[in-house]
Structure formats: structure tokens, C-alpha cells
Amino acid sequence: MAGLVFAKDGSVRQKPASNKAAFATAASLARTRENAAEFGLSAKYSKLLRDLLRVAINSASDSRVASRLTKAMRAIIGLDDTNDRGQRVFDSSNSAPLLGFNFNAGAGIGQTMYFPFEVTGAGADVTMTIPALNPVSDIAAPQGTTHFEVVFAASSLNMETLTYTNGVVAAPLGILPVNSPALVNQAMVASFPVAPPAANLVVGVVGINFYQQVNGKFYPLNNNSTNPLAIEYVA
């Protein structure tokens, strides 16, 4: 009542300021407020990237991918040398630390995919090229695998408006038998409606999904725990 607290013992004291009010105003909590603001923004960036890659991530991710990606985004925010602490933001020119981020910590590309590939960007296209791929020798398929699928996707992110556009891969390689003949000079192109603005973050992810075919149907192997997926292109 009127900022006063009346205790049962008859004493009267001033009502203490709420923790929320103290957090918003106390000088001693300035660093905490700044860290909280940047952590919150990092979480938003992480969610945006996970949302746009939802289909691919559902097939290849671990239980800590959200926190690991938020940590990576927080590190990139820390590279902003223009804005003050607590107001720093993601700058696509600082996005190199995202390169190689693995969405599935239990399955690495380097321990699964032994064929050469390259991801490049030009104009409205991001292209994955595979000079040669012999499934028998170039893929470490888990036991029970009958088929595999090379995963490739690209997206353009506006980190200011937290919106994105996914590229369309017109001709994916599809699901192939693990004993299929060697492939040469393959290319998968993810195309955007227009060339992404220079300020946008463009990412390309590469991975592989493993399946077991039973009665004509393809079943994901080991609940996707052996499927790698990583960011292999940033611009």
C-alpha cells in the first residue's frame, strides 16, 4: 500500500524494488544487461538459421545444436567493432566462424564423406560441385545402409529483419544405392529468385543421409544419428 509493507509484527517498511526494476536501472548490473541483450539476439539468430534449415536439421542434428549454434552466433556478435557493448549485431563480413559448423556433433563430414566437393556462389546461385564420387569407397556408410542421399541446401538471411529466402535445388542427386556406379562431374545448384543483397548472410550446407530400403520404402538409419550436416559455404 503506497509502496509500504505492513508486517504481521506491526512493523512497517518500504517495499523493495522489484528485481526487474533493479536489473533495468542498477549501474552495477550494466554488464549483465549488455550480456543479456547480446545473448538474446544470438538466440534469435540461431533460431532463424535453424528454422530455415528445419528439414535438413531434422535429419541430422544433436540435442545441443540450439545452444551450440547460439554460442557461435554470440562469438560473431562479439566481432562487431562498430556498435557499443549490448548493441552489437551480426555482420555478414564477420560470418567466417560459422564455416564448418556441424549440426550433428556425433557425425562429422570428415569421418563420413571422403569424396571431394566444392561449394561456390555467383549471382543468384550457390553451387555444389562433385568431381568424382564412388559410393563404395568414398562414403563410410553405417552397417545396414542400402541407400544414401547427398544433402545440399542454401539460404539467404537478412539478419536485421530476421527473414530468409531458401534457394531451390532444381536437380538433386536423389537417393542412390550404396553400391551404385561411380559418379563424375556432378553439380547441384541452389537458385534464389534474385541475387542476395550484399548485407545478407548466405549459407550453404552439405550433408548425407543414410537409409535402409525395406519392401520398396526408405527408412532413415539409426534415427538420423549417423547423418552429418555442416555449413560449408558462407558469404
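The values are calculated or read from the model by the stated rules, or taken from the named source; none is laboratory data. Everything numeric in this text was worked out from a predicted model, so none of it was measured. We place every Cβ from the backbone using ideal geometry, glycine too, and count neighbours over all the protein chains shown. All accessible areas refer to the heavy atoms of the entire protein, side chains included, with ligands and DNA or RNA removed. Shrake-Rupley method; radii C 1.70, N 1.55, O 1.52, S 1.80 Å.
Taking region 68-99 as the search range and keeping residues that are touching a strand residue (DSSP E or B) at 6+ places or on another chain (Cβ under 6 Å) and modelled with pLDDT of 90 or more, which one is farthest from GLY40 (Cα to Cα)? Top of the filtered list is LEU99. Filtered by the rule that a residue be open to solvent by less than 20 Å² (accessible area, probe 1.4 Å) and among the small types (Gly, Ala, Ser), region 183-216 gives ALA190, GLY204, GLY207.
Would you check if there is a residue in region 217-228 being of a type in the set (D, E, K, R) and either surrounded by 13 or more Cβ atoms within 10 Å (Cβ to Cβ) or not in a strand (DSSP E or B) (or both)? Looking for residues that are of a type in the set (D, E, K, R) and either surrounded by 13 or more Cβ atoms within 10 Å (Cβ to Cβ) or not in a strand (DSSP E or B) (or both), one finds none in region 217-228, hence no. Candidates in region 38-81 are the residues that are open to solvent by 30 Å² or more (accessible area, probe 1.4 Å) and among the hydrophobic types (A, V, I, L, M, F, W, C); of these, the one that is farthest from the chain's Cα centre (by Cα) is LEU79. Mind checking which residues of region 122-135 are open to solvent by 40 Å² or more (accessible area, probe 1.4 Å) and either of a type outside the set (D, E, K, R) or in contact with a His (Cβ under 6 Å, 6 or more places away or on another chain) (or both)? Within region 122-135, ALA122, GLY123, THR129, PRO131, ALA132, ASN134 qualify. Scanning region 87-121 for residues that are within 22 Å of VAL202 (Cα to Cα) and of a type in the set (A, V, I, L, M), we see that the one that is most open to solvent (accessible area, probe 1.4 Å) is LEU99.
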